[in-house]
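Below is one structure; the comments refer to it alone.
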Amino acid sequence: MTQWQQQPGDRLTQDRVLGWNLAGWILFGLLPPAVAVLDASPARRYWLLGLLALIALCHTVVLNRPDNPLLRPRTYLGVLAFILGATACLLDGGAAFYVVSLPQFWLFTRAPRDAITLSGAAAALTVLGGTLDQGWSPQFLTGNAVFTVVAYVVGVGLGLWVHRFIGQSTERQEQLTAELVVTQEELAAAYQRQGAAEERERLAREIHDTLAQGFASIVVLAEAARAATVTDPVRCAEQLTSIEQTARENLAEARVLVGSAPESGVAASSLATTLRRTLDRFVQDTGLTVTAELPAMDLDQRTRVALLRCTQESLANVRKHSGASTVGVVLTELAGGVELEITDDGCGFLVEESRGFGLDGMRRRLAELDGELAVTSSLGDGTRVLASLPTHSQD
């Protein structure tokens, strides 16, 4: 087959071209000589019908089994050239049969040189066969002979043009394929870099929301315990217990982050319980007054963890920055969503000037769940943090 027929993805086009060529060859190539010889002598009729049957059989074999060891495409074209010449001899001319058969010399060869050579041999045999009975005469250069030669020349020109066009198309396709491969590799690398950056950001947020806060709490508790060692041994013991408990929690969170333990956070349907435990620890460590409204809710795991982290970050900010004496926590279930409000009566701050990692981390965490974070504060008027999340199906 020609080179273009070997390209991946061209099989459907190849089958269509060969199918249309076969239909035209049978209709306009094989049938007219078979009909024309019906009125000839028996010997001539049998010879011609036999040759037509032979070339039809050979064409079927090559078309369906091009890799068979007995009849290769090049051998078939040689047989076709011989039969074209014999048919021209039996019919006293075979230009029409040659013209209809001419595309096969380009369809069943790999190189233009082979197509030109074999189709030229077929043209010569057709001309020779058509003039054997009459010998040399002034009519030799007219009629079937001239038509055959003209068809050969036109076929060579058209075949070379099509071959060049297909070659350019194939080259362009290979170039586009190579560019696509490079683009896909670059896109995969970009996705990998983006994934790595997102994973680093996620780990940084988790470390800030868990380990960093825990270590900060340990530092504060250790300082308070050292100060109370002599003056208030009971308080010192309580703070040492808190330090131990915080350290154990940090250890559990560290195991989660390195993947050696299941995801921590909140057990199913226990957000209110976990938040109360977190607030009790906060009161124990800071001595601040905390009021809470925490109704029981059935929320999915990611929502529970997000609300817990928002609470922990807000309480850490209250402890480190606000100087508040009272903190309020309200959990509210809405139609299609849930809200967590945390307020304090501290010194407040200018939200637009805030550059802390904690608030940005909370916003990103909530945004991953299609939620929002609203922070309202002003100097001297305390702070209000409102986390809003849509409710998701239970996992």
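Among the helices (runs of 4 or more DSSP H) lying completely within segment 16-95, list those that include at least 2 residues that are of a type in the set (Ser, Thr, Tyr). Give the derivation first.
Details: elements: 31-36, 42-64, 73-91.
By residue number, 42-64, 73-91.
For segment 63-87, give me each residue that is of a type in the set (Phe, Trp, Tyr) and open to solvent by less than 10 Å² (accessible area, probe 1.4 Å).
At the first step, the residues of segment 63-87 found to be of a type in the set (Phe, Trp, Tyr) are 76, 82.
Correct list: 76 only.
Here's a check for you: in segment 273-294, which residue that is within 45 Å of the chain's Cα centre (by Cα) and either of a type in the set (A, V, I, L, M, F, W, C) or more than 21 Å from residue 219 (Cα to Cα) (or both) is surrounded by the fewest Cβ atoms within 10 Å (Cβ to Cβ)? Give the steps one after another, and end with the answer.
Here is the first cut: in segment 273-294, the ones within 45 Å of the chain's Cα centre (by Cα) are 273-275, 278.
Checking which are either of a type in the set (A, V, I, L, M, F, W, C) or more than 21 Å from residue 219 (Cα to Cα) (or both) leaves us with 273-275.
Working: 273: 13, 274: 18, 275: 21.
Filtering first and then ranking leaves 273.
Hey, residue 385 hits all of (1) open to solvent by 10 Å² or more (accessible area, probe 1.4 Å); (2) modelled with pLDDT under 90; (3) aliphatic (A, V, I, L, M); (4) touching a strand residue (DSSP E or B) at 6+ places or on another chain (Cβ under 6 Å) but one; which does it fall short on?
Among (1) open to solvent by 10 Å² or more (accessible area, probe 1.4 Å); (2) modelled with pLDDT under 90; (3) aliphatic (A, V, I, L, M); (4) touching a strand residue (DSSP E or B) at 6+ places or on another chain (Cβ under 6 Å), residue 385 violates only (2).
Is segment 350-360 home to any residue that is within 24 Å of residue 204 (Cβ to Cβ), open to solvent by 10 Å² or more (accessible area, probe 1.4 Å), more than 44 Å from the chain's Cα centre (by Cα) and among the charged types (D, E, K, R)?
Pass one, segment 350-360, residues within 24 Å of residue 204 (Cβ to Cβ): 351-360.
Add one more test, that the residue is open to solvent by 10 Å² or more (accessible area, probe 1.4 Å), and what stays is 351-357, 359-360.
If we keep only those that are more than 44 Å from the chain's Cα centre (by Cα) as well, we get none.
There is no residue in segment 350-360 that is within 24 Å of residue 204 (Cβ to Cβ), open to solvent by 10 Å² or more (accessible area, probe 1.4 Å), more than 44 Å from the chain's Cα centre (by Cα) and among the charged types (D, E, K, R).
When you go through 142, 126 one by one, which is the residue that is among the hydroxyl-bearing types (Ser, Thr, Tyr) and modelled with pLDDT of 85 or more?
Only one candidate passes the filter, namely 126.
Find the residue count for segment 152-176, including only residues that are more than 14 Å from residue 105 (Cβ to Cβ) and open to solvent by 70 Å² or more (accessible area, probe 1.4 Å).
Going through segment 152-176 one residue at a time, the tally reaches 10.
Is there any pair with a first residue in segment 310-333 that is over 18 Å from residue 295 (Cα atoms) and among the acidic types (Asp, Glu) and a second that is outside any helix (DSSP H, G or I) and open to solvent by less than 40 Å² (accessible area, probe 1.4 Å) whose Cβ atoms are under 9 Å apart and which are 6 or more apart or on different chains, and what are they?
Close Cβ pairs (under 9 Å, with a partner that is outside any helix (DSSP H, G or I) and open to solvent by less than 40 Å² (accessible area, probe 1.4 Å)) amount to 313/385.
If you go through segment 305-325 one residue at a time, do you hit one that is touching a Pro at 6+ places or on another chain (Cβ under 9 Å), part of a helix (DSSP H, G or I) and under 13 Å from residue 391 (Cα atoms)?
Taking every residue of segment 305-325 in turn, none turns out to be touching a Pro at 6+ places or on another chain (Cβ under 9 Å), part of a helix (DSSP H, G or I) and under 13 Å from residue 391 (Cα atoms).
Here is a yes/no grid of residues against (1) out of contact with any His (no Cβ under 9 Å at 6 or more places or on another chain); (2) within 27 Å of residue 15 (Cβ to Cβ); (3) modelled with pLDDT under 90:
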{"site": "46", "(1), (2), (3)": "yes, no, yes"}
{"site": "61", "(1), (2), (3)": "yes, yes, yes"}
{"site": "65", "(1), (2), (3)": "yes, yes, yes"}
{"site": "71", "(1), (2), (3)": "yes, yes, yes"}
{"site": "76", "(1), (2), (3)": "no, yes, yes"}
{"site": "87", "(1), (2), (3)": "yes, no, yes"}
{"site": "90", "(1), (2), (3)": "yes, no, yes"}
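The values are calculated or read from the model by the stated rules, or taken from the named source; none is laboratory data. From a predicted model like this one, the values you see are computed outputs, not experimental measurements. Cβ atoms come from the backbone with ideal geometry, glycine included; neighbour counts cover every protein chain shown. Keep in mind that these areas ignore ligands, DNA and RNA; they rest on the heavy atoms of the full protein, side chains included. Shrake-Rupley method; radii C 1.70, N 1.55, O 1.52, S 1.80 Å.
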